[in-house]
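Just below is one structure, and these are the notes that go with it.
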Amino acid sequence: MKKHALLIALGLAFVFLFLGHAAKFYQLGFVSFVEAKLYDTRLHLTLPNKADDSIVILDIDEKSLKDEGRWPWGRDKLALLMDKLFDKYGVAVVGFDVVFAEKDSSSGLKVLQELGQNQLKDVSQFQSVLAQLKPQLEYDSLFAGKLKQRNIVLGYYFTNGTKNTSGALPAPVFVAGNFKGRPIQFIQWTGYGANLPEFQASAASAGHFNPLVDFDGIVRRVPMIVEYGGAYYESLSLAVVRTVLGSPKLMPGYASGNDADYAGLEWLGLEDLRIPVDSEVSALVPYRGGRGTFKYVSVTDVLKERTPLEELKNKIILVGTSAPGLMDMRSTPVDEVYPGVEIHANMISGILSQSIKSSPPYVMGAEVVFLLLVGVALSILLPLLSPIQDALTALAAILVTIIMNGFLWQYGNIAVPLAGGLMMIFMLFALNMSYGYFVASRTKRQITNLFGQYVPKEVVGELSERPEQVSMEGDSREMSVLFSDVRGFTTISEGLDPKELTLLMNEFLTPLSRVVYKHRGTIDKYMGDCIMAFWGAPLPDGRHAYHSISAGLEMLKTLDALQPHFKERGWPPIQIGVGINSGRVSVGNMGSEVRVAYTVMGDAVNLASRLEGITKEYGAGIVVGENTKEAAPEFIYRELDWVRVKGKDKPVAIFQPMGLSGQVEADVLEEMKLFHQVLRSYRKQEWDQAELQLFNLQKMSPQAKLYQVYAERVVYFRNNPPGADWDGVYVFKTK
């Protein structure tokens, strides 16, 4: 036991690392990522793939827009829709996944009133007719009247980052102070966009339709109760269910025997129904299947009474949209593009059928206890066993963990974290397997460290391990290649004497090179002011795209941090462009009998160089190819263009990495969303729409070169139409 003390201590360190994550003292990104994917996998394996016939989505689709006109429709049409649904079809309840935040002036009443007050002020016949028409033309009042005494639930949204408010909120389900003294982590909001006060006053209820977007951009939960201004408001799905049940009082469900530090709120009660909630009072969405699992009915078919009566009678109706340009689309575990209204349908179905998986606050404590018991036992046991016994023990622990978790998921309806336990067991096994190797290879590592200052350490290590396998012949691999180059370097060099220029190059090449090494990259060569590096060789790197982008982003930040130092030395500011591409390349020792170099060659390398060259065309610090984007989904990307670079016939999509998922600011994400709309309009040759969207973006970011580039293209193509067969690709004539 004593000779294994160091190994046991290292194992316990791993255990406590995972314990800290489980106890939420900190979060390990890789564990959270794997946990999310394992949750999605369990969800997919147990999907019922069956619709709930009690819920129908009333769809504002392309057919409806074609028949009824562009959205938004006049409130008179919506008033007619309410009459059709309740009087003709006898629906149970209607929930709106849209907001009526602005007054309707489509009737022309305002214009008639202005005429009556000015030019036709003394025309009694006009005044008489106007008085008769006024009630029919006050569309908002007409719609508000149709909301009264009917089971209609309006939708609204909350916002953060701003205190702007519009419209009127419904009465809160819990008033301020209701949860005083309980450490419940309600999601809090600072602003909202709600319906006109007269609509809210007339409707039976209202609920927010804000989902909870996880770190990877996927919607897995919906907050049932949120906090605003000290009061507590319910979700749209909860409001619809309460309306269906006759608006019973919502009751918080507390665990018994909890101490002062435990919130204890584990469910929300509606008569005999329970809605399990987590520590943030959110519920896991009980997805029933992919997009389109629920029944969709076109609004125009209801207005024109083309829908059979039995399809809607006594049904729960959710009004949403699937029309292009109006879609509220979300990324979910069951579909990357999923209508927001169908998320609410799943939640309503889950509440009524009691099929929502529970993830109460005490699950965290259960995971901590499990990790502690299993981790300590394996940390002590594995060092005492043979390699084969280690493998069998670890495999048995993994299988037991998966079986127990699956049993709780399927039969206990409880979602217990799985990734932490599996990864801890695997890492303890890997630690024990690798410990002997690292001790035995201490001498080789010393040699590697000695020569690593001249060539990449990985190359020296590979040479020392398998020298017979290293030859002049290249190896074909999937890799990522990075080029970085100083913009305007010729002008900069002309303004400095040779000594100062040498110092300047050392000052910025050294820290940028360290960044490459930090992210497991190999520097191929320096070409004047250009750095060429690659990932995936000599050692394979399954995350070569992720590491190369991480390095590129950090290179830009590092250079920004150096600017004050350059200014103090009297040097001009330095800006670089970074191009990254991934693909299959040839790698190995290449050259002649006089000199060889460990380098990469191939079409993917050439494209990486071209991408660096066009960074300045879009005002982007870093540009990556589509292969790199697909291989590194951990990042948020802004699509820049479809281009055909010099030397390549096939067009490629290019992207700008904005940062890791969950770390990009909300205003940047919103600006990206607007720009992606510009691209869609631009490629459809909808020049007016693209120009309007670009105008809004330029107001948000006046200095952005990207928007200026597209604004100039739009002007050019409007005057020089590219033709119906245009593929939207921009051709670069130079390198």
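Only the coordinates and a few stated rules stand behind these numbers; no lab work does. The structure presented is a predicted model; accordingly, all values stated were derived computationally and were not measured. Here Cβ is always computed from backbone atoms with ideal geometry, including for glycine, and neighbour counts include all displayed protein chains.
Under 13 Å from the Cα of Lys103, which aspartates and glutamates turn up, not counting those fewer than eight places away in the same chain? Partners found: Asp76, Glu138, Asp140, Glu198. The mean sequence distance of close C-alpha pairs (under 8 Å, at least 6 residues apart), as a share of the length of region 579-638, puts its relative contact order at 40 percent. For region 656-727, the set of GluC sites (Glu not before Pro) satisfying both a DSSP loop assignment and a count of at most 11 other C-beta atoms within 10 Å is given as Glu665.
Going from the fewest other Cβ atoms within 10 Å to the most, the residues Ile549, Ile636, Ile622 appear in the order Ile636, Ile622, Ile549. Region 533-600 and region 394-430 have Cα centres separated by 40 Å. Model label sites at Phe695 and Glu336, defined 7 Å from Cα along the beta-carbon direction, differ in position by 3.4 nm. Of the residues Ser480, Ser247, Ser434, the one with the fewest other Cβ atoms within 10 Å heads the list, and the complete ranking is Ser434, Ser247, Ser480.
The angle between the Cα long axis of helix 705-719 and the main principal axis of the chain comes to about 60°, on a 0 to 90 degree scale. Packing-based ranking of 336-342, 232-238, 165-171 yields 232-238, 336-342, 165-171, ordered from highest to lowest mean Cβ neighbour count within 10 Å.
With respect to the chain, whose longest principal axis is taken over its alpha-carbon atoms, helix 362-381 is tilted by about 20°. By the compact-protein rule of thumb, 2.2 N^0.38 Å, the alpha-carbon radius of gyration of the chain corresponds to a ratio of 1.16.
Rounded, prolate or oblate: which one fits region 624-735, using the alpha carbon gyration tensor with axes a ≥ b ≥ c (rounded when a/c is under 1.5, else prolate when a/b beats b/c, else oblate)? Taking the square roots of the gyration eigenvalues as a ≥ b ≥ c, region 624-735 is oblate.
Modelled this way, with points 7 Å down the Cα-to-C-beta line, the labels at Arg680 and Glu62 are 1.2 nm from one another.
Between amide H atoms placed 1.01 Å from N, distances below 5 Å from Gly167 occur with Ala194, all of them 5 or more places distant or on a separate chain.
For region 598-656, the Cα-based Rg and Dmax, in that order, read 11.5, 34 Å.
The mean sequence separation of alpha-carbon pairs under 8 Å and at least six residues apart, normalised by the residue count of region 135-227, gives a relative contact order of 39 percent. With both residues required to sit in the chain, DSSP beta bridges show an antiparallel share near 65%.
Legend: distances between Cα atoms for Lys249/Lys315; Lys88/Lys304; Lys77/Lys313; Lys616/Lys673; pairs beyond 18 Å are Lys249/Lys315; Lys77/Lys313; Lys616/Lys673. Taken along the Cα-to-beta-carbon direction at a fixed 7 Å, the label points for His44 and Ser247 span 4.4 nm. Rounded to the nearest 500, the helix-only mean residue ellipticity at 222 nm of the chain stands at -14000 deg cm²/dmol, with each DSSP H run of n ≥ 4 adding -39,500 (n - 2.57). How high is the FRET efficiency from Tyr716 to Asn160, r the C-beta distance, R0 30 Å, rounded to 0.05? That gives a FRET efficiency of 0.15.
Annotation: the residues Ile8, Ile57, sorted from fewest to most other C-beta atoms within 10 Å of their own C-beta, follow the order Ile8, Ile57.
Could you tell me which of rounded, prolate or oblate describes region 550-662, using a ≥ b ≥ c as the square roots of the eigenvalues of the alpha-carbon gyration tensor, with rounded for a/c under 1.5 and, failing that, prolate when a/b is larger than b/c and oblate otherwise? Oblate, because a/c is 1.5 or more while a/b does not exceed b/c.
Contact order, relative form, for the chain: 12 percent (alpha carbon pairs under 8 Å, 6 or more residues apart, mean separation divided by residue count). Could you tell me whether region 1-59 comes out rounded, prolate or oblate from its Cα gyration tensor? Rule is a ≥ b ≥ c as square roots of the eigenvalues, rounded for a/c under 1.5, then prolate if a/b exceeds b/c, otherwise oblate. It is prolate, given that a/c is not under 1.5 and a/b is the larger ratio. Taking the longest Cα principal axis of the chain as reference, the axis of helix 29-45 is set at about 50 degrees.
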